[in-house]
1. With no solvent and one point on each alpha carbon, what is the Debye value of log10 I(q)/I(0) for the chain at q = 0.15, 0.17 Å⁻¹?
2. Could you put Thr185, Thr225, Thr38 in order, starting from the residue whose Cβ has the fewest other Cβ atoms within 10 Å?
3. Please list, in order, the residues from the range 105-129 whose amide nitrogen is less than 13 Å from a point placed 7 Å along the Cα→Cβ vector of Asn81.
4. Applying 1/(1 + (r/R0)^6) with R0 = 22 Å to the Cβ-Cβ distance of Lys167 and Tyr107, what FRET efficiency is obtained, to the nearest 0.05?
5. Counting other Cβ atoms within 10 Å, keep those with at most 16, restrict to DSSP loop, and tell me which trypsin sites (Lys or Arg not before Pro) in the range 155-198 are left.
6. Mind checking the dipole of the chain: about its Cα centre, +1 per Lys or Arg Cβ, -1 per Asp or Glu Cβ, Debye to the nearest 20?
7. Taking 7 Å along the Cα-to-C-beta vector as the label spot, tell me the Ala240-Lys45 distance in nanometres, rounded to one decimal.
8. Helix-only mean residue ellipticity at 222 nm, the chain, DSSP H runs n ≥ 4 weighted -39,500 (n - 2.57), per residue, nearest 500. What is it?
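Derivation of every value follows stated rules applied to the coordinates shown; laboratory data play no part. These numbers come from a predicted model, not from an experiment. Cβ coordinates were reconstructed from backbone atoms using ideal geometry, including for glycine residues, and neighbour counts include every protein chain displayed.
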Amino acid sequence: MMIRIAHLYPDMLNLYGDRGNIIALTDRMTRRGIEVKTDAITMGKSFNADDYDILFIGGGQDFEQDVLLDDLKKGKDVEINKAIHGSRVVLAICGGYQMLGKYYKTYDGKMLEYLGALDFYTEGKEERMIGNFAYKTKEGIEVVGFENHSGRTYLGSQVEPLGKMIKGYGNNGEDGTEGVRFKNTFGTYSHGPVLPKNPDFADLLIKKALENKYSNVELTPLNDTLEEKARNQVKKLYIAR
Ligand code: GLN
């Protein structure tokens with residue numbers, strides 16, 4: 001079995017080590033004998049979503065998000081849209097997550113028109129939402145992480161939230177939702193990076209990517225002792241919050 005990953009803007013969108021998500025995915029697949037190939041899709045480089053099983057977009061600050069906008073609209077927008085609506089696995093973090101929606105209006109009034117691939121929008125406020133946090137997905141996976149964003153995201157009726165907040169702010173600090181979910185696309189505010197300390201979430205993405213390609217996919221269990229230690233450390237932090 002083989003999985004191909006497209007890593008969008010690895011040099012620009014890599015806040016709080018979001019690249020660790022690629023490392024976690026690769027590690028969990030190679031330990032199971034699945035071959036993984038990752039391509040860096042940087043500014044100026046075009047790509048075809050049909051060539052990939054997983055698309056990953058990390059987080060960035062308002063500045064990077066603004067700088068990337070032109071490049072995004074030179075074809076990557078079409079390919080990302082195609083991946084999302086074609087049920088490819090897409091994981092997008094914070095600023096990368098915001099880019100999948102209709103727009104992001106920064107706290108200082110700058111309007112960034114985004115892909116509109118998914119039914120949500122984001123508006124920034126000066127007061128940032130920062131801290132260790134946790135939420136639960138519909139599968140019952142408790143995702144632990146760290147959030148730091150000025151943007152408040154509001155979901156429309158065409159998409160579901162990725163999870164319900166257990167602790168922290170999530171999408172907007174008001175409605176108890178976190179992230180977005182649509183087909184096999186997952187957007188979240190969780191940095192840190194999210195997958196190394198949330199192995200069940202990582203495996204959910206891996207399983208969906210494999211199921212798109214192969215029949216009878218069963219993931220062999222891995223020893224997650226270290227991952228559990230990392231989770232417990234974050235839990236201690238957010239419980240103390
Ligand atoms: N610039 C966005 C915000 O502040 C995203 C930040 C991030 O990726 N952490 O809302």
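1. -0.99, -1.30
2. Thr225, Thr38, Thr185
3. Output list for this probe position: 114-119.
4. Once the sixth-power term is evaluated, E becomes 0.35.
5. Answer by residue number: Lys183.
6. For the chain, the charge dipole is close to 480 debye.
7. For Ala240 paired with Lys45, the spin-label model returns 4.0 nm.
8. Result for the chain, helices only: -8000 deg cm²/dmol.
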